[in-house]
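Novice: Here it is, the structure in full.
No value in this document is a laboratory result; all are computed from the given coordinates. Bear in mind that the values here come from a model prediction, so they are computed numbers and not experimental data. As a convention, Cβ positions derive from the backbone with ideal geometry for all residues, glycine included, and neighbour counts pool all protein chains shown.
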Amino acid sequence: MMVTDSERTDNIYQYELDSIDGESVSLEEYSGDVILVVNTASECGYTGQYEGLQEIFETYSDQGFKVLGFPANNFGGQEPGSDEEIATFCQLNYGVTFPLFSKVSVKGDDQHPLFDYLTNLENPDFTGEISWNFEKFLIDRNGNLVRRFKSNVEPGSETLVSAIQELL
């Protein structure tokens, strides 16, 4: 199901995407969880953040925290692989167990509606194109975007961790 601009809601739960294994997943499945949405890439200077993302996922998952990874090839061709190759890379190199989704476009004419929604909210702190891989969008338990973090904010940073803890 694709959500058009006219069907937008005030939260992310109306969006449905394919998991990296090809299964259709409604983001409503994460209702009640604190979510960190991250656009990822396997050949980026920030790729090492997979390790930190896995660590915060393991640390807070029992409190209702999820990391959702969305591979994207929008920046310098840094995610050229197939979904299967991406999944294998993440598992073998970083032990990723948090949910990964099928590769999407996070900006441009073919931008996935979820990322259109996340980057076009009326709040000026959230508005604007994603500028690189590993930007992070923090979603509260009601599906609302509450914070956006640039690529250089490490997953284990005090800034990000304290924002997550406030919502848990």
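Novice: For the stretch 46-120, list log₁₀ I(q)/I(0) at each q in 0.14, 0.20 Å⁻¹, using the Debye formula over Cα point scatterers of equal strength and ignoring solvent, two decimals each.
Specialist: For the stretch 46-120, the Cα-only Debye profile gives -0.50, -0.95.
Novice: Shifting gears a bit: Quick one: if the Förster radius is 22 Å, what FRET efficiency do residue 116 and residue 82 give, using the C-beta to C-beta distance and rounding to 0.05?
Specialist: Between residue 116 and residue 82 the formula returns 0.35.
Novice: Equivalent-ellipsoid semi-axes (√(5λ), Cα gyration tensor) for the chain, whole Å, largest first?
Specialist: 21, 19, 16
Novice: Right, something else. Name the residues whose placed amide hydrogens come within less than 5 Å of the amide hydrogen of residue 66, ignoring near sequence neighbours (fewer than 5 apart) on the same chain.
Specialist: 34, 35, 36
Novice: Taking the DSSP beta bridges in the stretch 7-167 as the whole, what percent of them are antiparallel, to the nearest 5?
Specialist: Rounded to the nearest five, the antiparallel share is 55 percent.
Novice: From the phi angles alone, apply the Karplus equation (6.51, -1.76, 1.60; θ = phi - 60°) to the stretch 41-58 and give each ³J(HN,Hα) in whole Hz, x where the residue is Gly or Pro.
Specialist: The phi angles translate into 7, 8, 10, 10, x, 9, 4, x, 5, 3, 4, x, 5, 4, 4, 6, 4, 5 Hz.
Novice: Taking amide H positions as placed 1.01 Å from N in the peptide plane, with prolines and chain starts having none, which residues 5 or more places from residue 105, or on another chain, fall under 5 Å of its amide H?
Specialist: Here 112 satisfy the definition.
Novice: Now a separate question. For the stretch 63-160, what are the per-bin percents of Cα-Cα distances with bins 10 Å wide, up to the bin holding the maximum?
Specialist: Pair shares across the bins are 14, 45, 35, 6.
Novice: Taking θ as phi - 60°, what are the ³J(HN,Hα) couplings along the stretch 147-164 by the Karplus curve (6.51, -1.76, 1.60), each to the nearest whole Hz, with x for Gly and Pro?
Specialist: Here the 3J(HN,Hα) series is 8, 10, 10, 6, 4, 6, 7, 5, x, x, 5, 4, 4, 6, 4, 5, 5, 5 Hz.
Novice: Give a residue-ordered list of calculated ³J(HN,Hα) values for the stretch 75-83 (Karplus: 6.51 cos²θ - 1.76 cosθ + 1.60, θ = phi - 60°; whole Hz; x for Gly, Pro).
Specialist: Couplings: 10, x, x, 8, 9, x, x, 6, 4 Hz.
Novice: Compute the Rg/Rh shape ratio of the stretch 95-147: radius of gyration over Kirkwood radius, all on alpha-carbon atoms.
Specialist: With Rg and the Kirkwood Rh in hand, the quotient comes to 0.97.
Novice: Ranking 66, 103 by Cβ neighbours within 10 Å, fewest first, what do you get?
Specialist: 66, 103
Novice: How much net charge surrounds residue 94 when only other residues with a Cβ under 11 Å from its Cβ are counted (Lys, Arg +1; Asp, Glu -1)?
Specialist: -2
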